[in-house]
1. If Y298 passes every condition in (1) surrounded by fewer than 18 Cβ atoms within 10 Å (Cβ to Cβ); (2) at negative phi but one, which one does it miss?
2. Within region 307-322, take every residue that is surrounded by fewer than 22 Cβ atoms within 10 Å (Cβ to Cβ) and among the hydrophobic types (A, V, I, L, M, F, W, C) and give me the one that is nearest to T166 (Cα to Cα).
3. Does any residue of region 188-206 turn out to be surrounded by fewer than 17 Cβ atoms within 10 Å (Cβ to Cβ) and at pLDDT 80 or above?
4. Identify the single condition in (1) in contact (Cβ under 8 Å) with a residue 24 or more places away in the chain; (2) over 23 Å from Q412 (Cα atoms); (3) surrounded by fewer than 20 Cβ atoms within 10 Å (Cβ to Cβ) that A338 does not satisfy, given that it satisfies every other one.
5. Scan region 153-173 and report the pairs whose first residue is within 17 Å of R206 (Cα to Cα) and whose second residue is of a type in the set (V, I, T) and surrounded by 15 or more Cβ atoms within 10 Å (Cβ to Cβ), with Cβ atoms within less than 7 Å and a gap of 6+ or a chain change.
6. Out of the residues in region 132-150 that are outside any helix (DSSP H, G or I) and closer than 17 Å to Y40 by Cα, state the one that is most open to solvent (accessible area, probe 1.4 Å).
7. Mind checking which residues of region 71-93 are open to solvent by less than 60 Å² (accessible area, probe 1.4 Å) and outside any loop (DSSP other than H, G, I, E, B)?
Amino acid sequence: MSYYQLTDKLLAEGDCLTYRWLKPKQEKLWKQTGVLREEYLKNHPEDVCFVRNRRFPLMVVSSNFHYFSNGVLVHCFSPQNAPKRIERERKMLAYYGYEVKQIYGPEEKSEIIKYYEILLDISEQTDKIEGDINDLELIAFKNPAEFVKYCFIKDSILLTAAKDTTFIPERRQYVALFDNGLLVVSKDYKEQNSFRGFAPADHFIRCNRHLPMLEAIYVPQAYLDALYKEAEKYDWYISPEDVAENQSAERAEEKHQMEEYAENILKGRTCISVTIPRIPYMGIYLDYRMTYPEYERYVLFSDGKLVLSNLKHSSHNPADNPLVQDLKRCFPQMKFEAETVPDEYITYLLEIISERQKSAHDIYIEMLKQKARKLKRIAKIQHVEALELVALVAGWKNWKEVLGVNETKARQLIAEEQDMELRAEGMGYGNSICYNGLKYLNLFESQNIAPERGREFFKRLWQQVIEDTNK
């Protein structure tokens, strides 16, 4: 049976229960979900609610497996890790009353990509099925006690507070993950990619996709706190204090090994993923998230040494790894030497590299300072004024707030500045000051700068455009 025939067979013989139906492609379901929630909360503003779909009841976060109503499980786990991963999925499915009767998956590493494509094809084909709004069901809770009862039914275990797991206690501040895949996140951390920086709940989800995980339920902080309070009653529970005590000696040795590794790998090398490597394509850059070091969990050096997280990249040979292929497009002349390390090594390397080289923070600050110098020259204003205006146009409250940008966010913002400069150049503006001229002019007016000064700025700005165009 060919891969294409397998996809057709799976879809013909059962419904994909793990399909992620809550997305714009299912427009009717997407809109109706919002309507149901809004109508309910209008009359019950203190309650918590979410909407489930009876046809697709197991909306999983991971794109590495799908389960069908006839008991078929299809996955793209590496053959080495498949038994452990399948057992976790089997346990989660059994909790909801489903049995795994047949399994399809790669028997060789070379088949992993093909099965991943099958999973994507299953989702894309299911996208074409028009969802029925009558399948939607609203689940609501009037208080934390009701929610606690819902989460702990059938003796489910709160993994993020369990003895036999290795989650650091800090996770409990914003997320709770159960062994049945139930994922609960504090509403305080709902933003997946907020302007203020790296969302820890988003990071938790990405780094734990190897565990069964359903689409997140967002709740007030009091609900999350109640889950951990309830967990204290069970014999599998471990307190944050005991976690710290148990791990102190072990972590000291691990930390020493990590520091030793970092010193060796950094000796005589320069990291070139301090800023995000960009893939050029027909006069533009492709989406920076394709090679974002934090998202893709890697560090790249100028001699081609590539350090990869074993959490994200263990199932790929370097030759087949999509990230390596993307980096080759960034640096076509580079010869790569890849190796995998524990995921925490990546975090540590990124931290100390920012201390030993020019950091993304410093590079971003310098980019805005250069822009401020250009604005000062064109607008005939004070340097301090120019810094404040540049900060406002970039989305910050003031220049002081810019100075607090962290490395992760700075990398992203540098990429966005690169994209803006490229657009400005491509449209004949020469630079982003000219490209955003109206924004700057509006700021002049909103800050009560004299009208003639604003008009003078605008005249100088367009003179700059003409000069840049004629160069």
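The values are calculated or read from the model by the stated rules, or taken from the named source; none is laboratory data. The structure displayed is predicted, hence computed values, not measured ones. Heads up, the Cβs are rebuilt from the backbone with ideal geometry, glycines too, and the neighbour counts pull from every protein chain shown. These area figures cover heavy atoms from the full protein model, side chains too; ligands, DNA and RNA do not enter into them. Shrake-Rupley method; radii C 1.70, N 1.55, O 1.52, S 1.80 Å.
1. Y298 satisfies every listed condition except (1).
2. Out of the qualifying residues, it is L311.
3. Checking region 188-206: not a single residue is surrounded by fewer than 17 Cβ atoms within 10 Å (Cβ to Cβ) and at pLDDT 80 or above.
4. (3)
5. What qualifies is L159/T165; T160/V175; F167/T160; R171/T160; R172/T160.
6. Of the residues in region 132-150, the ones outside any helix (DSSP H, G or I) are 132, 136-143.
Imposing the further condition that a residue be closer than 17 Å to Y40 by Cα reduces the set to 136-143.
On the way: L136: 18, E137: 56, L138: 53, I139: 33, A140: 36, F141: 9, K142: 113, N143: 58 Å².
The extreme case among them is K142.
7. Those that are open to solvent by less than 60 Å² (accessible area, probe 1.4 Å) and outside any loop (DSSP other than H, G, I, E, B): V72, L73, V74, H75, A82, R85, I86, E89, M92, L93.
Table: residues versus (1) modelled with pLDDT of 90 or more; (2) closer than 23 Å to Y98 by Cβ; (3) in contact with a His (Cβ under 9 Å, 6 or more places away or on another chain).
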site: S2; (1), (2), (3): no, no, no
site: D15; (1), (2), (3): yes, yes, no
site: Y19; (1), (2), (3): yes, yes, yes
site: K28; (1), (2), (3): no, no, no
site: G34; (1), (2), (3): yes, no, no
site: E38; (1), (2), (3): yes, no, no
site: N43; (1), (2), (3): yes, no, no
site: V51; (1), (2), (3): yes, yes, no
site: R54; (1), (2), (3): yes, yes, no
